[in-house]
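Please treat every number below as a calculation from the coordinates, not as lab data. Not measured: the values here are computed from a predicted model. When we count neighbours, we look across all protein chains shown, and the Cβ atoms used for this are built from the backbone with ideal geometry, even at glycine.
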Amino acid sequence: MNDKIETVKSLDLTGFACPIPIVKVSKAIKEVNQGEVIEALTSDSGALADFPAWARTSGNEIIKSEKEGENTRFFIKRS
Amino acid sequence: MNTEEKILSLEKEMNALKDTFVRFEKNSAENKLAMVIFSGDLDKALAAFIIATGAVAMGMEVVMFFTFWGIPLLRKKEGKSKNKDFFGKMFGAMLPKGASKAKLSKMDMGGMGTQMMKTLMKKKNVASLDEMIDLAGELEVKIYICEMSMDLMGFNRSEMIDYPDIGFSGVAKFLEEAGTSKAQMFI
């Protein structure tokens, strides 16, 4: 089964501390079309709670998140 | 009641409803955050700018009002202002010249603690207060400076940093913004 998610933009936010990850993600999502997906890799452990909270408030959707060692990769769909 | 009277009374009710709606719309909170920055402490100012920039990311409009000890955070690093009276000179000399000179509210230990915290922040990739102010400007966070406090401490407008959206106001402007915001903070 091919479960690879197609993304139009990839952000490497590792090393950035709060609030830079959500500031950058909120900027990036505005630059893509509705329905398109961006991915963001973050090392900020607060992002685990922050990204979903940001998505709920801004009305975007996190379709998947996966751990990559210390980091987390989020797949966010612009709604 | 004949038909015409009925229509007239309905129209009256409609207009009353419309008025209520307009009033409601005027008083309902916008997706906005209004903040008062009273403190000039480095840690509190950092918290304020993290919340402000985070709020923009969350889709909110943000307005910050700087008053009292918060005002020196927005001073230019360089330059001297002339024509100040004795008290103005005193405040000018004793208060920090800009965000990079602000000190921690706790554990400053004669500047050692603040220096240590700054080193630690760099190491952990936490943005400095100067960087956060730049970011806020980029994100179109509005800044107002309290005219009365500025006057009291003898600061001139020309002594304040070049920030993209900066204004000078009194308490009424803050209250207007606070009244139409859905969140308000005093830091």
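List pairs: first residue in region A:11-31 and more than 7 Å from chain B (Cβ to nearest Cβ), second residue assigned to a loop (DSSP other than H, G, I, E, B) and of a type in the set (Ser, Thr, Tyr) anywhere in the structure, Cβ distance under 7 angstrom, at least six positions apart or on different chains.
Correct list of pairs: A:14/A:43.
Which condition number does residue A:49 fail, the rest of (1) farther than 24 Å from residue B:60 by Cα; (2) part of a helix (DSSP H, G or I) being met?
Among (1) farther than 24 Å from residue B:60 by Cα; (2) part of a helix (DSSP H, G or I), the lone unmet condition for residue A:49 is (1).
Are any residues in region B:120-131 facing chain A (nearest Cβ under 9 Å) and either of a type in the set (Phe, Trp, Tyr) or part of a helix (DSSP H, G or I) (or both), and if so, which ones?
Across region B:120-131, the qualifying residue is only B:121.
What are the residues in region A:6-31 that are under 13 Å from the mean Cα position of the chain (by Cα) and part of a loop (DSSP other than H, G, I, E, B), if any?
Once the filter is applied, which keeps residues that are under 13 Å from the mean Cα position of the chain (by Cα) and part of a loop (DSSP other than H, G, I, E, B), region A:6-31 yields A:7, A:8, A:14, A:30.
Among the residues of region B:91-104 satisfying the criterion of being assigned to a helix (DSSP H, G or I) and touching a residue at least 40 places away in the same chain (Cβ under 8 Å), which is nearest to the other protein chains (Cβ to nearest Cβ)? Show your work before the answer.
Filtering region B:91-104 down to residues assigned to a helix (DSSP H, G or I) leaves B:91-94, B:99-101.
Keeping just the survivors that are touching a residue at least 40 places away in the same chain (Cβ under 8 Å) gives B:91-92, B:99.
Working: B:91: 32, B:92: 32, B:99: 17 Å.
Top of the filtered list is B:99.
Every residue in region B:144-168 that is surrounded by fewer than 16 Cβ atoms within 10 Å (Cβ to Cβ) and under 25 Å from residue B:28 (Cβ atoms), please.
Within region B:144-168, B:165, B:167 meet the criteria.
With the structure loaded, tell me whether residue B:28 is of a type in the set (S, T, N, Q), touching a residue at least 24 places away in the same chain (Cβ under 8 Å) and either closer than 30 Å to residue A:52 by Cβ or surrounded by fewer than 22 Cβ atoms within 10 Å (Cβ to Cβ) (or both) or whether it fails that test.
Taking the combined requirement at face value, the residue does not satisfy it.
Check B:44, B:80, B:12 and return the single one that is of a type in the set (Lys, Arg), surrounded by fewer than 12 Cβ atoms within 10 Å (Cβ to Cβ) and not in a loop (DSSP other than H, G, I, E, B).
B:12
Looking only at residues in region B:58-77 that are under 21 Å from residue B:180 (Cβ atoms) and either within 12 Å of another protein chain (Cβ to nearest Cβ) or not aromatic (Phe, Trp, Tyr) (or both), which one is surrounded by the fewest Cβ atoms within 10 Å (Cβ to Cβ)?
This residue is B:59.
Run down B:68, B:38 and say which single residue is out of contact with any Cys (no Cβ under 9 Å at 6 or more places or on another chain) and either closer than 29 Å to residue A:58 by Cβ or of a type outside the set (S, T, N, Q) (or both).
Criteria check complete, one pass: B:38.
Within region A:56-68, is there a residue that is within 13 Å of another protein chain (Cβ to nearest Cβ) and touching a residue at least 24 places away in the same chain (Cβ under 8 Å)?
Scanning region A:56-68 turns up at least one residue that is within 13 Å of another protein chain (Cβ to nearest Cβ) and touching a residue at least 24 places away in the same chain (Cβ under 8 Å).
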